[in-house]
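As structure tokens, the structure follows; a few thoughts come after it.
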């Protein structure tokens with residue numbers, strides 16, 4: 001598999017919003033890297049490299065930790081960096097949580113476009129599924145097949161008729177990512193939001209941060225066709241970048257989510 005040029009941003013940029021789990025304001029600064037040292041999160045005085053050994057197994061989100069510091073909800077940002085080809089970057093996140101913004105990766109993608117891209121010395125080899133890989137759990141399955149590009153087929157199947165079943169399959173180019181995947185929002189049932197708030201798991205109840213499924217269904221228009229399934233693909237693309245290396249393979253998911261995504265990337269790196 002041909003190695004790819006290492007890449008960073010051309011200029012520093014930032015974005016801000018409210019943390020879903022903290023309930024407070026959070027700012028994320030993306031600072032171009034001068035050397036090919038990978039992607040590094042900075043939380044206070046702690047440096048947290050993007051590496052599989054720093055991944056925390058938390059429900060409903062992707063997080064990294066080093067020493068006693070952590071940074072959470074990194075999946076949408078990682079998906080954008082993955083497809084933009086950014087391999088080296090300093091990410092300052094003092095609050096330790098990337099804001100969910102509008103529930104999609106669109107605001108982050110626009111910030112990265114504003115910062116621009118530039119190549120830096122060195123090359124990086126893609127991480128490749130050389131043979132079929134299979135992980136499963138809780139009536140969910142994720143399969144990886146060999147492929148020369150990144151392709152994702154996703155089968156969403158909810159017993160809840162408000163969400164139901166969706167299937168979509170895409171070769172993930174920058175064009176398809178920007179047009180079909182980036183706008184797809186996180187989704188959650190309204191009654192589940194209430195339970196999470198009552199349990200103290202989430203602090204923000206701003207309905208603009210996700211595609212909320214109310215008892216009478218979704219209010220307002222979908223941004224893209226099969227938005228539920230495409231958001232699952234967004235999360236997968238981000239989780240596949242937890243090694244900081246671009247990934248090639250055909251990934252087929254049935255009801256899979258963050259847990260199986262992490263299990264899959266851990267399996268692939270041992271091949």
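Quick notes on this structure:
- Residue within the stretch 123-134 that is in a strand (DSSP E or B), more than 24 Å from residue 61 (Cβ to Cβ) and free of Cβ contacts under 8 Å to residues at least 12 places away in the same chain present: yes
- Residues in the stretch 150-172 that are surrounded by 13 or more Cβ atoms within 10 Å (Cβ to Cβ) and in a loop (DSSP other than H, G, I, E, B) were compared, and the one that is modelled with the highest pLDDT is 172.
- Unique match (being free of Cβ contacts under 8 Å to residues at least 12 places away in the same chain, buried (at least 18 other Cβ atoms within 10 Å of the Cβ) and either touching a strand residue (DSSP E or B) at 6+ places or on another chain (Cβ under 7 Å) or under 16 Å from residue 241 (Cβ atoms) (or both)) among 95, 79, 63, 33: 63
- The strands (runs of 3 or more DSSP E) falling completely within the stretch 4-43 that include 3 or more residues that are farther than 25 Å from residue 203 by Cα map to 4-9, 25-32.
- Filter result for residue 208 (more than 24 Å from residue 253 (Cβ to Cβ), in contact (Cβ under 8 Å) with a residue 12 or more places away in the chain, assigned to a loop (DSSP other than H, G, I, E, B) and over 17 Å from the mean Cα position of the chain (by Cα)): no
- Among the criteria (1) more than 24 Å from residue 84 (Cα to Cα); (2) in contact (Cβ under 8 Å) with a residue 24 or more places away in the chain; (3) touching a helix residue (DSSP H, G or I) at 6+ places or on another chain (Cβ under 9 Å), the one residue 174 does not fulfil is (1).
The values are calculated or read from the model by the stated rules, or taken from the named source; none is laboratory data. No experiment lies behind these values; they were computed from the predicted model shown. Virtual Cβ from ideal backbone geometry, glycine too; neighbours counted across all protein chains shown.
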